[in-house]
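Take a look at the structure below.
Read-outs throughout are calculated quantities, based only on the coordinates presented, and are distinct from any laboratory measurement. These numbers come from a predicted model, not from an experiment. No Cβ is skipped: glycine too gets one built from the backbone with ideal geometry, and neighbour counts run over all protein chains shown.
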Amino acid sequence: MRIYATLVYLFLYFPIALIVGFSFNAGKYAMDWQGFSLAWYSKAFSNPLILQALITSLIIAGMTALLSAIIGTMTALGLERVTGRTRTIFDALIYISIMVPGIVIGISTLIAFVTLFNMVNPLLLSLWNIKIEMGIWTVIAAHVLFNLAVVCLLVRARLTGMDRSLVEASEDLYATPMGTFRQVVLPLLMPSILAGFLLSFTFSFEDFIITFFVAGPNVTLPIYVFSSIRRGVTPEINAVGTVVLLSSLLLLVIAQVILQRSEKIAVAKS
Amino acid sequence: MFEQPVIAFENVTKTFGNVHAVVDNNLAVKAGEFLSILGPSGCGKTTSLRMMAGFEQPSSGAVSIQGQNMTGVPAFLRPVNMVFQHYALFPHLNVADNVSYGLRQRRPKPADAELAKSVADALEMVRLSGYEKRRSYELSGGQQQRVALARALINRPAVLLLDEPLAALDRKLRREMQIELQNLQRNLGITFLLVTHDQEEALSMSDRVCVMREGRIVQIGSPRELYDKPINSYVAGFVGKANFFVGPKADTVLCVRPELLEISATRKTLPQGLADAFDVTVLNRIFLGEHTEYLVRHESLGDFTVLSPRKSEHASGVFDIGDKAAVGWHKSAAQILTTT
Ligand SMILES: Nc1ncnc2c1ncn2[C@@H]1O[C@H](COP(=O)(O)OP(=O)(O)O)[C@@H](O)[C@H]1O
Ligand SMILES: [Mg+2]
């Protein structure tokens, strides 16, 4: 059993370890270790194409995380007041948007956008001589689509576990409904919102499939990596991959720590 | 002179679906008094309190506070404060910020120095000086309880509503907090309305007790009145201990308090002038310190309890299980009560 588990982990992580390892290789060829060096990092991050892709990715991830956090939280708060059939339908829709494979979201949002463009572009062209097309905003829209569900689930879990009497205590102590939301509800939800923000950022930053469908001419970091791999894996790409990997990992760990700490406080309280 | 009640219920009814939580209640809470609502679990105590605080609206009837009709007035506009059963301290705020929460909602907002002073005073009042920076989950149950008290009392509410505030504390701490609550109430002159299912607590702390049963108020009066002149067998059984015997008419019982019964070895050795005397067998004995409690059996009256004070044991004697004894009572000790 233990050997089996070890093999599985080896199989899973060996390629990743290779990439991380060879990103520090002084030599040019992957299989030829020439000693430790950070040369490929400085080379990668002085490549204007990579920098441009990085900036595009950061903008998309940042906007996605922000919008998902806001819309997801509002969705969770709104769903609090919904009961019965409507609630069941909304719950199902939320779970579905998380479970649907990326490729389905990619294709369906692509079709949706294209249909939309075909419908409105003739009108826009005739009226103001403009048209809308794929761009950063279509990527953000597609990413928000499933990330808001992630935030919604996290915030809902927190809301469900929240002691109703805290809200009543706040009202009892003369806080207006808005004051109660700002001083009690929001602070108590904040760990979940923050964790949702970080998760959305990570998911969006490292997403390839959905982006590939709806990015149009824009190049994000994963798309850049993909297109350059077709010309052969360079240590430069290894360096980029390592940076993406480590920063994603870091964000996930932070999100997890935030969630666990707020859990602990909630448990210690009751 | 007619004195206006701080809180008044006029024919207040509250139903949840087909549960009648509170039924047609009239209640006037007097300014400055310590009033307890006493009744078993599920009799509508919490619902009554929540209608005063503004968390529930009556299905019919009206609640007024200081003469103002509170119909449609939300909780945050009502001049009362509540101590919740599980304290409901804000876990994301420290003790000082919890305590100053009510004051910080005022507009214009009080200055920081003023807030700090009020918080220090409030914490001193509940003997928690120096705990300002602690988080609520770092405190013991008793300390959390006192923070909850300080957080409510700092606002000088017209009435402090307490929903079974001591239920979660252990026995010794509960006794301490009972005394502390009484002292606070006397020193501050704030009206206290305490909800409890513990008759001892209600009797020992309150100026008046309101006994509830299945959503209705059965009797309101001073602890002594309730104990000495219960209006029916429900109140007599709930307030203190009571023996019930078959009454002279249908739906009546004869009620005798255990401590008003006399016990002795034989009828002859019983005190003079008793209305009735019976031969009984001792079934059980519990030593209670200043009293001994006997469970005795009479062939037609059935089983009942007798409290024999330690002081008179030299005269009455001590009985073992299985002993024969004689029991009697003075005429004034027996009351005929209705059972409905
Ligand atoms: N929000 C509610 N929804 C439905 N039933 C309720 C609600 N609150 C109280 N009840 C019912 O009303 C009755 C009185 O409850 P409550 O006032 O909490 O009693 P107590 O505080 O005396 O134990 C109980 O039967 C309870 O189940
Ligand atoms: Mg209750």
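Mind listing just one residue for me: the one in segment B:195-232 that is touching a strand residue (DSSP E or B) at 6+ places or on another chain (Cβ under 9 Å) and among the basic types (Lys, Arg) and, of those, farthest from B:Ser36 (Cα to Cα)? Of everything passing the filter in segment B:195-232, B:Lys229 is farthest from B:Ser36 (Cα to Cα).
Within segment A:166-214, the set of residues being more than 8 Å from chain B (Cβ to nearest Cβ), assigned to a loop (DSSP other than H, G, I, E, B) and surrounded by 22 or more Cβ atoms within 10 Å (Cβ to Cβ) comprises just one member, A:Asp207.
For residues that are among the basic types (Lys, Arg) and part of a helix (DSSP H, G or I), tally how many sit in segment A:75-104. Adding up the residues that qualify gives 2. Being touching a His at 6+ places or on another chain (Cβ under 8 Å), within 13 Å of another protein chain (Cβ to nearest Cβ) and on the phi < 0 side of the Ramachandran plot, is that true of even one residue in segment A:145-161? Among the residues of segment A:145-161, not one is touching a His at 6+ places or on another chain (Cβ under 8 Å), within 13 Å of another protein chain (Cβ to nearest Cβ) and on the phi < 0 side of the Ramachandran plot, which makes the answer no.
The residue of segment A:45-59 that is nearest to A:Ala239 (Cα to Cα), among those that are not small (Gly, Ala, Ser) and not in a helix (DSSP H, G or I), is A:Phe45. Filtered by the rule that a residue be under 23 Å from B:Gln182 (Cα atoms) and within 16 Å of ligand 2 (Cβ to nearest atom), segment B:15-34 gives no residues. Restricting attention to segment A:117-163, the residues that are part of a helix (DSSP H, G or I), of a type in the set (S, T, N, Q) and exposed (fewer than 14 other Cβ atoms within 10 Å of the Cβ) total 3.
Quick check on my filter: what residues within segment A:79-128 are small (Gly, Ala, Ser) and without any contact (Cβ under 8 Å) to a residue 12 or more places away in the chain? Matches in segment A:79-128: A:Gly84, A:Ala92, A:Ser108, A:Ala112, A:Ser126.
On the stretch given as segment B:61-93, residues that are in contact (Cβ under 8 Å) with a residue 60 or more places away in the chain and under 25 Å from the mean Cα position of the chain (by Cα) total 13. Filtering segment B:45-60 to residues that are within 16 Å of ligand 2 (Cβ to nearest atom) and more than 14 Å from the chain's Cα centre (by Cα) leaves B:Thr47, B:Ser48, B:Arg50, B:Met51, B:Met52, B:Ala53, B:Phe55, B:Glu56. Would it be correct to say that B:Gln143 is part of a helix (DSSP H, G or I), more than 14 Å from every other protein chain (Cβ to nearest Cβ) and of a type in the set (S, T, N, Q)? Here the answer is no, as B:Gln143 does not meet what is asked.
Evaluating B:Leu161 against the criteria (1) surrounded by 22 or more Cβ atoms within 10 Å (Cβ to Cβ); (2) among the hydrophobic types (A, V, I, L, M, F, W, C); (3) more than 16 Å from ligand 2 (Cβ to nearest atom) leaves one unmet condition, (3).
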